[in-house]
1. Being in contact with a Ser or Thr (Cβ under 9 Å, 6 or more places away or on another chain), surrounded by fewer than 20 Cβ atoms within 10 Å (Cβ to Cβ) and farther than 17 Å from residue 74 by Cα is the filter here; which residues of the range 121-138 pass it?
2. Can you find, within the range 149-167, the residue that is modelled with the highest pLDDT among those that are surrounded by fewer than 12 Cβ atoms within 10 Å (Cβ to Cβ) and in a helix (DSSP H, G or I)?
3. Starting from the range 174-185, take each residue that is part of a helix (DSSP H, G or I) and list its partners that are among the aliphatic types (A, V, I, L, M) and surrounded by 11 or more Cβ atoms within 10 Å (Cβ to Cβ), counting only C-beta distances under 9 angstrom and pairs at least six apart or across chains.
4. Tally time: how many residues in the range 36-78 are crowded, with 24+ Cβ neighbours inside 10 Å and either touching an Asp or Glu at 6+ places or on another chain (Cβ under 7 Å) or not in a strand (DSSP E or B) (or both)?
5. Among the residues in the range 123-139, are any within 28 Å of residue 56 (Cβ to Cβ), free of Cβ contacts under 8 Å to residues at least 40 places away in the same chain and touching a Leu at 6+ places or on another chain (Cβ under 7 Å)?
6. Would you mind stating whether residue 26 is more than 21 Å from residue 144 (Cβ to Cβ) and either among the β-branched types (Val, Ile, Thr) or not in a strand (DSSP E or B) (or both)?
Amino acid sequence: MRALWVHACFLIAFTGHGASAEPWIGTDYDALFAVNARLVETQTAGDGSAVEVLKLEGGTVVSRRANGQITTMATDGNAVGCFVTILRSISAMDTACPLLFTEDEKGRLGVMRARALRHYAENIYPPQPYDAVDMAFRASVASDPISRTSSCESGMEENADAIGFARSFIASGTDAWLDGILAVPRLPADTPCL
């Protein structure tokens, strides 16, 4: 299973997504820090700059630098935000090449996406309706450059490793595995990337 997570970085790099799991809908961090002001600690980063750190129930740690840069970390390694980013990348591959995955793989991907997006919708701040998060996710997938690949064969053949990772990721998506990742209700984190 560990090797699968190592390949996650490859897939994210292949698809052009950065570390943020929320290019499409997400947490209002200003509101989150304001409502939890009593829990915010100010620390000094290695470069001497101030960093606000918010440790939330459920094991998510949110850090905010003076320039507005946000990082989120799941202390137990189950970073749902990262998981959603990977699902987004795989969904874009599926949109670009509808024959790439089997019907069984597509069905499993759909189950994983629905469960992860439900958890995501319930745990971002403020919580959002599932339908709004699902629509935003689908719009983000449709606008992804991979979804608009003009030649499925040339675009995907040269990325066999990413396709192999996607298939392994989908195959690993057992109910028990998903239960573990989604077990704790908490703000979705980007790191560590599963």
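1. 126, 138
2. The selected residue is 160.
3. Qualifying pairs under 9 Å: 175/111; 178/111; 178/112; 178/116; 181/79; 181/80; 181/116; 181/194.
4. Counting residues in the range 36-78 that are crowded, with 24+ Cβ neighbours inside 10 Å and either touching an Asp or Glu at 6+ places or on another chain (Cβ under 7 Å) or not in a strand (DSSP E or B) (or both) gives 1.
5. Scanning the range 123-139, I find at least one residue that is within 28 Å of residue 56 (Cβ to Cβ), free of Cβ contacts under 8 Å to residues at least 40 places away in the same chain and touching a Leu at 6+ places or on another chain (Cβ under 7 Å), so the answer is yes.
6. It is false that residue 26 is more than 21 Å from residue 144 (Cβ to Cβ) and either among the β-branched types (Val, Ile, Thr) or not in a strand (DSSP E or B) (or both).
The values are calculated or read from the model by the stated rules, or taken from the named source; none is laboratory data. Owing to the predicted nature of the structure, the values given are computational and were not obtained by experimental measurement. Positions of Cβ are generated from backbone atoms using ideal geometry, with glycine treated the same way; all protein chains shown enter the neighbour counts.
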